[in-house]
Structures are given as C-alpha cells and as structure tokens.
Amino acid sequence: MNDKEIISEFIQVKKGNDGIQLLVRGISWPHPHEPVSSWTVASVLPQTSSSQELDSKIQEILDNEQYFKVCQECGKRKPRGWMHNDGICQSCAENNHGVVY
C-alpha cells in the first residue's frame, strides 16, 4: 500500500462550519480475526486553509507514529493496527517469523 492508498483508506477530510477536520481510521483487535475500525479527529484546520496547508497536515499525520509506522523489514508504511509490534508489520511477522494470526 502506498501513501496515496493509505490516505484514501485511512484519512478523511471533513469540512464543516467549525473548520476542516482531518480524521484517521484506527484499527483495534478486541477479538482475534475481528478488527474494529474507528475514526478519530487527528487535527482541525481553519476553513480558510489552502490545499497546500491541507496536504502538509496530511503528511504530518502520515509521519505521526501514533497513527502509522514504517515496518523495519519491508519498509512499508502501515496503520498501527496492522503492526505486529513497534518494529514489524503483521505481514512480515507471518511471512518471515512464522507468526500465525
């Protein structure tokens, strides 16, 4: 998944009377094999923000390890909910380390 695909699937931009909200879709695993998604407001910009300011804030969110991490093995950015631990993603854990989900 590249950054454009991550933005499309995990970041929403909602314009309202109180500004431009940037939401991030988080993934949690309350039960094995049953992920749950929830949207969290990551940032709010003024309604007058330019597209450049919006793009910059989206990049900040992508770079924020609270929401996304880069796997040390495959080098791909993943949502926190797709990480096996702080260093490797679930895919690399399965493919390279024999972890079974």
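Right, S8: on the phi < 0 side of the Ramachandran plot, among the hydroxyl-bearing types (S, T, Y) and not in a loop (DSSP other than H, G, I, E, B) or not?
yes
Among S37, S56, which is in contact with a Gly (Cβ under 8 Å, 6 or more places away or on another chain) and surrounded by 11 or more Cβ atoms within 10 Å (Cβ to Cβ)?
Sole residue among the options that is in contact with a Gly (Cβ under 8 Å, 6 or more places away or on another chain) and surrounded by 11 or more Cβ atoms within 10 Å (Cβ to Cβ): S37.
Given the conditions (1) in a helix (DSSP H, G or I); (2) over 19 Å from the mean Cα position of the chain (by Cα), report the number of the one that S56 does not fulfil.
(2)
For the range 6-33: of the residues being touching a residue at least 40 places away in the same chain (Cβ under 8 Å) and among the small types (G, A, S), which is surrounded by the most Cβ atoms within 10 Å (Cβ to Cβ)? Steps first, answer last, please.
To start, the set of residues in the range 6-33 that are touching a residue at least 40 places away in the same chain (Cβ under 8 Å) comprises 6-7, 10-11, 13, 24-29, 32-33.
The next check asks that each one be among the small types (G, A, S); those that pass are 26, 28.
On the way: G26: 17, S28: 12.
My answer is G26.
Those residues that are of a type in the set (D, E, K, R) and either touching a residue at least 12 places away in the same chain (Cβ under 8 Å) or assigned to a loop (DSSP other than H, G, I, E, B) (or both), I need them from the range 61-101; list them, please.
Listed by number, the residues that qualify are E65, K69, E73, K76, R77, K78, R80, D86.
Here, each number is a calculation from the coordinates, and none is a lab measurement. Since the structure is predicted, the reported quantities are computational estimates derived from the model, not experimental observations. When we count neighbours, we look across all protein chains shown, and the Cβ atoms used for this are built from the backbone with ideal geometry, even at glycine.
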